[in-house]
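The structure appears below as structure tokens.
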Amino acid sequence: MRKLFLSVTALLLLTAYAKADVSGKWSGSAELKTPDGDSQVVRVSAEFKQQGQSVNGTAGKEGEDQYPIEKGVVESSKLSFEFTAPEEDEASGKRTYTVRLNVVSEARLEGEFEFTTNGTKVTGKLTLARAK
């Protein structure tokens, strides 16, 4: 009986995370290694507006311009989206970031992001906490 109770409790918790609403303000850090091998940590922020599985809003460096989220989707306990920001060092003048996050709890998202700069793919870790 106890095993059944624990199994049902675990299933309910997983279902709650799968249906977690990511709407709201978030802040955290992005950690990456630059193409020349240097490590860099950047403070970031985002504001999500979730409607069903669709997510829109903005994302970017904390305290700087925020850029519209594109292709935002929550599936199960995973959030993915893209945003495009201006970048002077790019020939096109802009850079598209792809973000994939796991909903760890109602107050924490963890995952990775990637972008391409001058033909080199760069990946990093991203951690966000719900702003209070």
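Bear in mind these aren't lab numbers, they're just calculated from the coordinates by the rules spelled out. Please read all numbers here as calculations on a predicted model, not as lab measurements.
Numbers at a glance
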| quantity | calculated |
| --- | --- |
| Computed over the range 2-130: relative contact order in percent, which uses C-alpha pairs under 8 Å that are six or more apart | 22 |
| Rg/Rg_globular for the range 19-62, with Rg_globular taken as 2.2 N^0.38 Å and Rg from C-alpha atoms | 1.47 |
| All-pairs alpha carbon distance profile, the chain, 5 Å steps from 0, percent | 2, 10, 18, 23, 17, 11, 8, 5, 3, 2, 1, 0, 0 |
| Per residue, the convex hull volume that the Cα atoms of the range 36-104 enclose (Å³) | 116 |
| Helix-only mean residue ellipticity at 222 nm for the chain, each DSSP H run of n ≥ 4 adding -39500 (n - 2.57), per residue, nearest 500 | -4500 deg cm²/dmol |
| Crossing angle, helix 2-18 versus the chain [Cα axis fit, 0-90 degrees, rounded to tens] | 30 |
| Difference of contour (0.36 nm per residue) and Cα-Cα distance, Arg100 to Lys49 | 16.7 nm |
